[in-house]
Amino acid sequence: MADMAERITDIGPPKYDEMWPQIIKDNYGKWAHHDLLEPGVMVHVSESGAKVFTVRCGGTRLMTLVHLERICKIADEHCGGFFRFTTRNNIEFMVDDQSKVEPLKKALSDTGVLPIGGTGAGVTNIVHTQGWVHCHTPAIDASGIVKSVMDDLFEYFGSHKLPAQVRISLACCLNMCGAVHCSDISILGVHRKPPVIEHSHLDKMCEIPTTIAACPTAAIKPSKVDDFKSVAVNADRCMFCGNCYTMCPAMPLADADGDGIALWVGGKVSNTRSMPKFSKLAIPFIPNEPPRWPSTVKAIRNIVEVYAKDANKYERIGEWAERIGWERFFEKTGIEFSHHHIDDYRLAMTTWRNSTQFKFTK
Amino acid sequence: MADMAERITDIGPPKYDEMWPQIIKDNYGKWAHHDLLEPGVMVHVSESGAKVFTVRCGGTRLMTLVHLERICKIADEHCGGFFRFTTRNNIEFMVDDQSKVEPLKKALSDTGVLPIGGTGAGVTNIVHTQGWVHCHTPAIDASGIVKSVMDDLFEYFGSHKLPAQVRISLACCLNMCGAVHCSDISILGVHRKPPVIEHSHLDKMCEIPTTIAACPTAAIKPSKVDDFKSVAVNADRCMFCGNCYTMCPAMPLADADGDGIALWVGGKVSNTRSMPKFSKLAIPFIPNEPPRWPSTVKAIRNIVEVYAKDANKYERIGEWAERIGWERFFEKTGIEFSHHHIDDYRLAMTTWRNSTQFKFTK
Amino acid sequence: MAIKHQTPMLDELEKGPWPSFVTDIKAQAEAGKDACADLLGQLELSYNDKEGHWKHGGIVGVLGYGGGVIGRYSDVPDKFPGVEHFHTLRVNQPASKFYKTERLREIMDIWDRRGSGMLNMHGSTGDIILLGAFTEQLEPIFAELTRKGWDLGGSGSALRTPSCCVGKARCEWGCIDTQDICYNLTQEFQDELHRPAWPYKFKFKVSGCPNDCVASIARSDCSIIGTWRDNIRIDQKAVAAYAGGELSANGGAHGQGTKLDIQKDVCDLCPTQCMAFDGKTLKINDAECTRCMHCINMMPQALRPGTDTGATILIGAKAPILEGAQMGSVIIPFIKMEEPYDEFKEFVEKMWDWWDENGKNRERIGELIQRLGLSAFIKACELDPIPQMIKEPRSNPYIFYKEDEVPGGFERQIEDYRKRHAR
Amino acid sequence: MAIKHQTPMLDELEKGPWPSFVTDIKAQAEAGKDACADLLGQLELSYNDKEGHWKHGGIVGVLGYGGGVIGRYSDVPDKFPGVEHFHTLRVNQPASKFYKTERLREIMDIWDRRGSGMLNMHGSTGDIILLGAFTEQLEPIFAELTRKGWDLGGSGSALRTPSCCVGKARCEWGCIDTQDICYNLTQEFQDELHRPAWPYKFKFKVSGCPNDCVASIARSDCSIIGTWRDNIRIDQKAVAAYAGGELSANGGAHGQGTKLDIQKDVCDLCPTQCMAFDGKTLKINDAECTRCMHCINMMPQALRPGTDTGATILIGAKAPILEGAQMGSVIIPFIKMEEPYDEFKEFVEKMWDWWDENGKNRERIGELIQRLGLSAFIKACELDPIPQMIKEPRSNPYIFYKEDEVPGGFERQIEDYRKRHAR
Ligand code: SRM
Ligand code: SRM
Ligand code: SRM
Ligand code: SRM
Ligand code: SF4
Ligand code: SF4
Ligand code: SF4
Ligand code: SF4
Ligand code: SF4
Ligand code: SF4
Ligand code: SF4
Ligand code: SF4
């Protein structure tokens, strides 16, 4: 262990401007406008007349040093040793002259693993979480599903042919480490069985009062089982949030049959036109189907395609669904409506239809 | 007491069609369209070509047999002995020929107490409740305030010059015996002091557990005072709903200084254009000012006038406020915004502004 | 007996153009009603005190009925003996409140002989309110009323007096027989109306179309609102007349001669934007229409509701006590309403059974639905969940799955789990 | 060491056009990382079991820091010893994630020598995630990182690593210095970041304009979003160019050559309807504009945000645990954001004090505001209530008046009351 006297702490990250290429340094705060020259390629024009050309590539987020080194190398060779990641884990390479764009694109293409796209009215990278690669609470994998969905929607990654941008995200459990609650399409890992309780160890591994307090629906009560101090779960009140497991490892929820995917639609974050919106439930449950989750992939494609065909230009999925009405959304997508779609949590009554205004559907 | 054998019970009201004038009987379900010939006077035209002319008069609702007889007499003389009340307590006289309209109008005018109007884009009668004339829980009177407000807004009762219909209602306590929670303008009697408790009699007059259970905020606890079994109220948790008093006469809330009026705006019931809306708080408190409540009268006129000037045609108060934004509503009406306007009850979070979209105001 | 008390404050309310209840009550006092004289006196006292002067409740009524009478006693009876008792009787109004004076005079006559002479025409629920009776008069009044063919309305934890808009009797938009529905339900449920046996009150209100002129969506546990499921009827000639300014906008509601700008005032304000006007012909994409009535309201001579009519049923509206106000929520998007309304009544019975079984004391059905969930209610009514019942699907992920929905059920052994996962 | 396990299921994920993380991990395994080989093996097992194979948590970290490391152990370590420990280190990324490869290679080098070779670029909060370290490597990695000028990010009940959009560095719409704000706050609050002392986590995210490209309104307890309070800058010549189809709609986002219909695509979609276009000149009634960005997005060469810029501060966004997801709520409609951001920091300290004092264990600030009320929060921050904070005023009548607001206070004597009102 390092000597405490030598320890360096609380220095924070390197300062941002150290990481800027010259063209960014020179034109910081002076950008006047931009244009998407083609999918994945944009130019920003400075008040000074200078231009920066950006080529955006699909990022896997979960990557190795091998891949990162590949990226660095291209940055070194084409971009003076600079590049950046976007807030959705895409990779952006910037050059200061249009003549450098084609060589850069070629180099990227040559790797075979840095697809160009992710801009404009299309599908960009899926924001996602850890899944079975790292986390302890997931109901689903992350990277495998993302790969399967992006393979299927690949045509929309490198094109500008949707009515508006479609932001997809994935979270592997209800903790929702990502903006899954406000995405055009969200893939959410859900448990459906109450925790199985390890009575023999619970008292040793967990603090019982904290565990009880963790349950938002008060489903957990203290209980004595075979002389062990433990807890009991009222299965009728459990909605499988997993918060008890977060506090207490003796209460795992994961289960091959219980776990799977819920699909959500119509959320957004931007304040553009309409105010930000939460994602709404589209499909309550699709089983886990590794390795390529075909039912999930198909369900998402269906939503994207129906949206692509039916929505107005410049209209995000949520804006479209609200304009046509959710009853129409279910009709057009052919998604089955069920009791699960009807909210029964704290603000449920705000989702009921307090008007005779509705459309008839088949 | 009448002999039980002879008792007639459960016969219900007389059948409706017994009360219909011939023109209604003949054209029931055949009406094709209508027209408001002038404020308070309308014609409905049947598919058969027949017409019924209706003259609507302001009703006081709280009335005596003297007044009711006056109404009956006019109905006898002009309308073949028929008339009706509207759902807002106006009185409608119907004739089957246009030539009968003017004589009818004259007769009504001659009474001096049956003003013609209440139709179309104006202010119609105020729906109201009992107030100090009958109820045991009111924070305000009803008829006196209604009279004062209608006197002031009288010009809008007999004219069609507002952007749309303006429905005003009054309830004398939070029980809200009327559609006060969904009116363009609502006058609501509010208490502001916690119940004063009659410990010496509470146990005799009330069931303590029911009383405790009546409080929506759990502000009431059992308590022993001077050897009396009674209750205590946590004043910090009391929001003066009066529900405890409804259950327990030993807990009156009424107080000359505590009680007064809250004004609400922007509610509607119809499904027309926008869905029905709840009324929103405009002015949290105006003191009781009998006999003519000048501050309340003035505040209402101000809202009506600002609305009249600013709204689009065919736009109700709530539709107007939502279009311009509530921040603008407060600015334009000059009504002070306070902590009380910020919801802190169960669904409060649905009223917060979850967007950068807002207007700057002075 | 005439005026007994000085009422300087109330006298202020004799001024102004709106009819004065004070002047009216004075006239009734002059006509010999002591109660009216004392009512004015006590009201003047209230105006001085800024507090009401009625005691809390009081259990009075007529034999065999659990409601229909609200007990009321003065808390200053010495000063105002005429209103020492001031009970109200709720007399069930005829549906949509048409009156034949001859029949109304039956009530007036009884009330003149036995009551204060004061009334509310009408109470907020819709009843004729006879305002101010002494206890000993209640039974005689009841006996006389029923003998004349009138009955009491509801109060307490009972069905309340149903009410309705004028509808087909004098309105071109009535999609259902509001009055017949109102009357039929009132007759069918006389027992529920007169003998409180429920957790709390229950109200029906019936409007003929989505304009909802009886405010049912705000004020009734069960709203029955007329609607249609075919197309809006269009008379293109009349459309042209509106476009040309020959017909007044909104049926004259903004003054005769008000010209309609069909694009701006109609099409642009249509909530679903399903209308198109090319200057001549108006087109409606009826499949997208949510039957809001706006266009019909604007052009009553050109547009009419369709002819395949029925009702939308919304449940749960109520005032704020206890958990905050609610509006009705769509439970049955469309139901044919034809006499004897059996399908509707079957629904009502299921709804009441569920409420009766699960409702707590003083819990309205809307609050019970809040507490147990809309889904639970729908299931109890044996209805299928459909998106018309909601504005939007849930946005929280907290779904309460039932054991039988999940393969393998809920029972699991920790030993099995630990076989796959070390501790 | 190379591939150790058969992974027939994972191999399916090597197919298809999107880059394959499986192929990538295999390459890293081939390059000698045992952890990668075992990670693939364990992941294949998860694909078979449809269950993850990581144990619950594990308290590991670096001395003096309360966070920045997430402990993780395999629950099948015998089969996959290379991932027996698989802790992550959260390395604080540079604001807006520009990298000089030279600097990034410092981390890569350390990680190559001491870790699994796996990373997340980046974690959802924004950190560089070094994925998979053995316990004994944590301190050495930390020491080497800090020596090179890198530090850990946040975890646990602490400030989490702030993050921001690209903003002024490469976007014409940045109304605030997103990167400087992000960096400055990170530096200022190093102690809060590294030593968890709060009820729960706290996140800052900074977006340069209301497009909110870092999703702050959904994902940060405190969103700082750039805006302006003067007028949108208009270049009418460029407007004409859009109208004429010379410039592509929406900055080419729908393909070069997409023509904009200014009336339909811009004016009609403006949420406040404050724009007018007569075919030539575009007019904006800026007083009514809510700065939604739509028109600017549509015509980047013609319109630009104003120049009197600052930020809107929204508080309380979070994921659903426990009480349901929240979005940020406007608390400060407009604040100038100029280095050293003192006014903003004063607000932050007040906010944290209140949360610290009142928050329950694992209660986010948004949930505390829900529990104690928005008003209470505003008061604690010494702000005045203004209508910009809410979408609409309350609709329930349940106002909690305080004693000092009511003349005469709350104390009353029942005897006084009974003097006026008999029982
Ligand atoms: C690079 C990036 C910021 C960064 O710091 O990394 C970025 C960059 C730009 N965004 Fe963004 N946005 C970025 C994430 C976001 C996000 C966050 C997210 O998706 O998680 C949002 C909010 C999404 C949402 O609402 O759910 C976002 C909502 C927008 C919008 C609003 C669009 C709308 O109509 O709702 C615009 C305006 C537009 O596209 O017309 C915009 C516009 C832009 C512009 C045109 C700004 C500019 O002038 O440079 C940039 C190129 C857009 C493009 O990709 O076509 N950006 N943008 C992010 C790229 C993510 C990616 O790799 O795909
Ligand atoms: C007579 C009455 C029904 C009854 O059974 O008694 C009635 C009668 C008519 N209503 Fe109504 N409404 C009546 C109470 C209501 C109510 C209930 C209330 O105010 O408590 C509403 C809901 C109010 C609300 O939304 O808060 C109501 C919302 C409407 C609307 C919707 C207007 C809107 O744009 O929101 C229309 C359509 C119109 O006016 O264009 C309407 C239209 C009509 C028409 C034109 C229907 C017709 O073709 O005959 C009638 C004359 C309207 C007029 O007064 O200008 N009626 N109308 C009620 C008269 C009350 C009064 O004395 O003033
Ligand atoms: C007489 C009447 C007011 C009026 O002046 O017209 C009335 C009067 C009373 N109402 Fe009401 N309500 C009257 C219509 C209403 C309405 C309107 C309606 O029915 O359309 C409502 C709102 C709709 C609803 O039902 O929610 C209404 C909501 C209440 C409430 C709150 C109920 C709730 O769930 O929120 C109470 C409180 C209670 O039940 O304890 C209440 C309680 C009362 C009591 C019994 C007072 C009490 O706390 O015990 C009042 C007796 C007053 C008196 O001395 O006569 N009254 N009450 C109305 C009945 C007349 C009639 O039969 O026609
Ligand atoms: C690593 C990361 C996911 C990822 O794959 O990127 C992550 C991983 C975990 N998150 Fe998260 N969260 C991560 C970003 C988020 C975000 C997104 C964000 O910050 O923008 C959210 C949603 C926003 C928010 O804060 O609400 C998020 C909401 C949660 C929650 C729910 C908190 C809530 O109040 O609703 C939990 C549960 C908890 O705290 O107990 C949680 C808990 C966890 C834990 C610690 C699991 C647990 O229950 O103890 C996960 C450790 C996983 C692991 O093995 O690495 N994580 N977590 C993200 C952090 C990386 C980074 O530092 O860059
Ligand atoms: S979403 Fe859940 S399972 Fe996935 S990384 Fe976050 S906490 Fe772990
Ligand atoms: S999973 Fe959630 S709801 Fe179920 S017992 Fe655990 S904490 Fe409670
Ligand atoms: S609103 Fe309140 S005070 Fe007025 S009549 Fe109804 S219960 Fe009585
Ligand atoms: S007035 Fe309402 S809140 Fe106050 S103690 Fe009584 S029941 Fe509770
Ligand atoms: S609700 Fe409809 S049918 Fe009934 S009176 Fe009003 S407009 Fe006519
Ligand atoms: S009724 Fe309403 S929704 Fe239907 S066409 Fe007319 S305005 Fe549009
Ligand atoms: S949030 Fe605004 S300033 Fe920041 S990158 Fe997005 S568009 Fe540009
Ligand atoms: S920014 Fe939005 S609100 Fe403002 S003018 Fe443009 S479109 Fe309208």
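Values computed for the structure shown
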{"quantity": "Pairs beyond 31 Å (Cα-Cα), from B:Lys204/C:Lys97; B:Lys332/D:Lys205; A:Lys277/C:Lys402", "calculated": "B:Lys204/C:Lys97; B:Lys332/D:Lys205"}
{"quantity": "Residue-wise HN-Hα coupling along the stretch A:160-166, computed from phi with Karplus coefficients 6.51, -1.76, 1.60 (Hz; x: Gly, Pro)", "calculated": "10, 10, 8, x, 7, 5, 10"}
{"quantity": "Euclidean distance between Cα centres, the stretch D:351-385 to the stretch C:6-35, Å", "calculated": "54 Å"}
{"quantity": "Relative compactness, the stretch A:172-295, computed as alpha-carbon Rg over 2.2 N^0.38 Å", "calculated": "1.25"}
{"quantity": "Separation in nanometres of the label points that stand 7 Å from Cα toward Cβ, at B:Met205 and A:Arg301", "calculated": "7.5 nm"}
{"quantity": "Aspartates and glutamates with Cα under 18 Å of B:Lys51, excluding same-chain neighbours fewer than 8 positions away", "calculated": "B:Asp26, B:Asp35, B:Glu38, B:Glu92, B:Asp96, B:Asp97, B:Glu102, C:Glu172"}
{"quantity": "For the stretch C:319-331, 3J(HN,Hα) per residue [Karplus equation, 6.51 cos²θ - 1.76 cosθ + 1.60, θ = phi - 60°, Hz, x = Gly/Pro]", "calculated": "6, x, 5, 8, 8, x, 5, 10, 9, x, 10, 4, 10"}
{"quantity": "Chain C: most fluctuating residue of C:Gly82, C:Gly123, C:Gly324 per GNM, C-alpha cutoff 10 Å", "calculated": "C:Gly324"}
{"quantity": "In range of the label at D:Asn231: residues from the stretch D:283-325 whose backbone nitrogen is under 18 Å from the point 7 Å along Cα→Cβ", "calculated": "D:283-293, D:295-296, D:302-309"}
{"quantity": "Debye equation applied to the C-alpha atoms of the stretch B:233-353, log10 I(q)/I(0) at 0.11, 0.19, 0.22, 0.23 Å⁻¹", "calculated": "-0.49, -1.19, -1.36, -1.40"}
{"quantity": "Kirkwood Rh and Cα Rg combined as Rg over Rh, evaluated for the protein assembly as shown", "calculated": "1.00"}
{"quantity": "Interatomic Cα distance distribution for the stretch A:60-178, bins of 5 angstrom, percent", "calculated": "2, 11, 18, 20, 19, 16, 9, 4, 2, 0"}
{"quantity": "Alpha-carbon centroid distance for the pair the stretch A:177-219 / the stretch D:290-306, whole angstrom", "calculated": "43 Å"}
{"quantity": "Model label zone, C:Glu411; criterion: amide N under 20 Å from point 7 Å along Cα-to-beta-carbon; scope the stretch A:186-203", "calculated": "A:192-200"}
{"quantity": "Other-chain or far-sequence residues with amide H under 5 Å of A:Thr86's (modelled H)", "calculated": "A:Ile91, A:Glu92"}
{"quantity": "Average silhouette area of the stretch C:327-423, convex hull of alpha-carbon atoms, in square nanometres", "calculated": "10.3 nm²"}
{"quantity": "Once the Cα gyration tensor of the stretch C:8-147 is diagonalised, semi-axes √(5λ) in Å", "calculated": "25, 19, 14"}
{"quantity": "Cβ-isolated cysteines (cut-off 4.7 Å), chain B", "calculated": "B:Cys57, B:Cys72, B:Cys79, B:Cys135, B:Cys172, B:Cys173, B:Cys177, B:Cys182, B:Cys215, B:Cys238, B:Cys241, B:Cys244"}
{"quantity": "Sequence-distant residues sharing a close amide H with D:Leu152 (under 5 Å, placed H)", "calculated": "D:Asn92"}
{"quantity": "Phi to ³J(HN,Hα) by Karplus 6.51 cos²θ - 1.76 cosθ + 1.60 over the stretch C:348-359, Hz, x for Gly, Pro", "calculated": "4, 5, 4, 4, 5, 4, 5, 5, 4, 6, 10, x"}
{"quantity": "C-alpha center-to-center spacing [the stretch A:109-156, the stretch B:57-123] in angstrom", "calculated": "73 Å"}
{"quantity": "Kirkwood Rh and Cα Rg combined as Rg/Rh, the stretch A:123-221", "calculated": "1.14"}
{"quantity": "Eligible aspartates and glutamates near B:Lys193 by straight Cα distance, threshold 14 Å, same-chain separation 8 or greater", "calculated": "B:Asp236, B:Asp255, B:Asp257, B:Asp259, C:Glu51, D:Glu403, D:Asp404, D:Glu405, D:Glu411"}
{"quantity": "Listed peptides C:3-13, B:242-252 by packing density, highest first (mean Cβ within 10 Å)", "calculated": "B:242-252, C:3-13"}
{"quantity": "Long pairs among B:Lys73/B:Lys100; B:Lys268/B:Lys359; A:Lys359/C:Lys391; B:Lys147/C:Lys15; D:Lys100/D:Lys148, criterion Cα-Cα beyond 20 Å", "calculated": "B:Lys268/B:Lys359"}
{"quantity": "Under-5 Å amide H pairs with B:Cys172, H placed in peptide plane, nonlocal only", "calculated": "B:Thr129, B:Gln130, B:Gly131, B:Cys177, B:Gly189"}
{"quantity": "Set of lysines near D:Lys280 by C-alpha distance (under 19 Å), chain-local residues within fewer than 8 positions excluded", "calculated": "D:Lys237, D:Lys259, D:Lys264"}
{"quantity": "By average C-beta atoms within 10 angstrom, highest first, the peptides C:348-354, A:283-289, B:85-91", "calculated": "B:85-91, A:283-289, C:348-354"}
{"quantity": "Shape category assigned to the stretch C:233-342 from the gyration tensor of Cα positions, a/c cut at 1.5", "calculated": "prolate"}
{"quantity": "Residue-averaged beta-carbon neighbours from other chains (10 angstrom radius) around D:34-42", "calculated": "1"}
{"quantity": "Most mobile listed residue (C:Asp261, C:Asp404, C:Asp356) in chain C, GNM with C-alpha springs under 10 Å", "calculated": "C:Asp404"}
{"quantity": "For chain C, the fraction of alpha-carbon pairs in successive 20 Å shells from zero, as %", "calculated": "21, 43, 29, 6, 1"}
{"quantity": "Dipole magnitude (debye, nearest 20) for the stretch B:166-219, charges at Cβ of Lys, Arg, Asp, Glu", "calculated": "180 debye"}
{"quantity": "Virtual spin-label span in nm between C:Lys360 and D:Lys4, 7 Å along Cα→Cβ", "calculated": "5.8 nm"}
{"quantity": "Square roots of five times the Cα gyration tensor eigenvalues for chain B, Å", "calculated": "41, 30, 18"}
{"quantity": "Prolate/oblate/rounded call for the stretch D:1-51, Cα gyration tensor, a/c under 1.5 rounded", "calculated": "oblate"}
{"quantity": "Fully extended contour minus Cα-Cα distance, from D:Arg418 to D:Arg113, at 0.36 nm per residue", "calculated": "101.2 nm"}
{"quantity": "Computed P(r) (all Cα pairs; the stretch C:118-228; 5 Å bins; percent)", "calculated": "2, 12, 18, 22, 19, 13, 8, 4, 1, 0, 0"}
{"quantity": "Among C:Asn184, C:Asn358, C:Asn396: highest mean-square fluctuation, GNM of chain C, C-alpha pairs under 10 Å", "calculated": "C:Asn396"}
{"quantity": "The stretch B:230-291: projected area of the alpha-carbon convex hull, averaged over directions, in nm²", "calculated": "7.0 nm²"}
{"quantity": "Ratio Rg/Rh [Cα only; Rh per Kirkwood] for the stretch C:209-264", "calculated": "1.13"}
{"quantity": "In nm, spacing of pseudo-spin labels at A:Thr217 and D:Glu288 (7 Å Cα→C-beta vector)", "calculated": "4.7 nm"}
{"quantity": "Within the stretch B:347-361, backbone nitrogen closer than 15 Å to the virtual label 7 Å beyond the Cα of B:Glu336 toward Cβ", "calculated": "none"}
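Bear in mind these aren't lab numbers, they're just calculated from the coordinates by the rules spelled out. This one's a predicted model, so the numbers in the text were calculated from it and none came from an experiment. All Cβ positions, glycine included, derive from the backbone under ideal geometry; neighbour counts span all protein chains shown.
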